[in-house]
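The values are calculated or read from the model by the stated rules, or taken from the named source; none is laboratory data. Here the structure is a predicted model, which means the values were calculated and not measured. FYI the Cβ positions are ideal-geometry reconstructions off the backbone, even for glycines, and counts take in every protein chain you see. Heads up: the accessible areas ignore ligands, DNA and RNA and are worked out on the full protein's heavy atoms, side chains in. Shrake-Rupley method; radii C 1.70, N 1.55, O 1.52, S 1.80 Å.
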Amino acid sequence: VTMNLDGSNPTVVVPNDPGGISVGGFSPDGSKCAYSWDITGHEESSGAGLDHHIFILDLGSKTKSDISSGKKPSGTNDSHPTYTSDGTKILFINYTNGSALQSLWMMNIDGTQRTKIRDDVSWLCDSR
């Protein structure tokens, strides 16, 4: 949800679909929002996912693109997306179901050129 500084005009940004959702952030120009969503509909209070994908939501057209589909390893979750300062890439956390090991990755905003940056970054955030 976004709103004015005084709390007025609340606007839902990310669709309220069933499944755990993690909003990552807005593109530097403010036209898009990156978020992760568990496409299985799985929700858990701990935040653990079964199949989180990263989506890019165009705020003008309200269209969303699944940039993880067909690109992430099966049995893993892509979560906590954030844009690079130039808006050309997404940094995110990937973790395997049932594992505490979290890795930092980067990819283009269309989901191509996935590159692992570092293993064991659980100290960055709790993505489960």
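Worth a mention:
- Residue match in the range 82-105 (condition: of a type in the set (D, E, K, R) and at pLDDT below 90): no
- The residues listed here are Asp78, Asp51, Asp58; of these, the one that is at pLDDT 90 or above, within 24 Å of Lys116 (Cβ to Cβ), in contact with a Lys or Arg (Cβ under 8 Å, 6 or more places away or on another chain) and among the charged types (D, E, K, R) is Asp78.
- Counting residues in the range 80-89 that are in contact with a Leu (Cβ under 6 Å, 6 or more places away or on another chain), within 25 Å of Asp120 (Cα to Cα) and open to solvent by 50 Å² or more (accessible area, probe 1.4 Å) gives one or more.
- One residue from Val23, Val13 being over 13 Å from the mean Cα position of the chain (by Cα) and among the β-branched types (Val, Ile, Thr): Val13
- The sole residue among Ser61, Ser68 that is of a type in the set (Gly, Ala, Ser), within 24 Å of Phe26 (Cβ to Cβ) and buried (at least 17 other Cβ atoms within 10 Å of the Cβ) is Ser68.
- Scanning the range 15-25 for residues that are surrounded by 14 or more Cβ atoms within 10 Å (Cβ to Cβ) and either among the acidic types (Asp, Glu) or not in a loop (DSSP other than H, G, I, E, B) (or both), we see that the one that is modelled with the lowest pLDDT is Val23.
- Taken together, the residues in the range 1-14 that are open to solvent by less than 40 Å² (accessible area, probe 1.4 Å) and over 17 Å from Ser79 (Cβ atoms) amount to 2.
- Any hit, the range 97-105, residues being without any contact (Cβ under 8 Å) to a residue 24 or more places away in the chain, hydrophobic (A, V, I, L, M, F, W, C) and either open to solvent by less than 20 Å² (accessible area, probe 1.4 Å) or assigned to a loop (DSSP other than H, G, I, E, B) (or both): yes
- Scanning the range 16-64 for residues that are among the hydroxyl-bearing types (Ser, Thr, Tyr) and touching a Gly at 6+ places or on another chain (Cβ under 8 Å) yields Ser22, Ser27, Ser31, Tyr35, Ser36, Thr40.
- Pairs where the first residue, in the range 106-128, is at pLDDT 95 or above and the second is exposed (fewer than 11 other Cβ atoms within 10 Å of the Cβ) and assigned to a loop (DSSP other than H, G, I, E, B), C-beta under 8 Å, 6+ apart: Met107/Gln113
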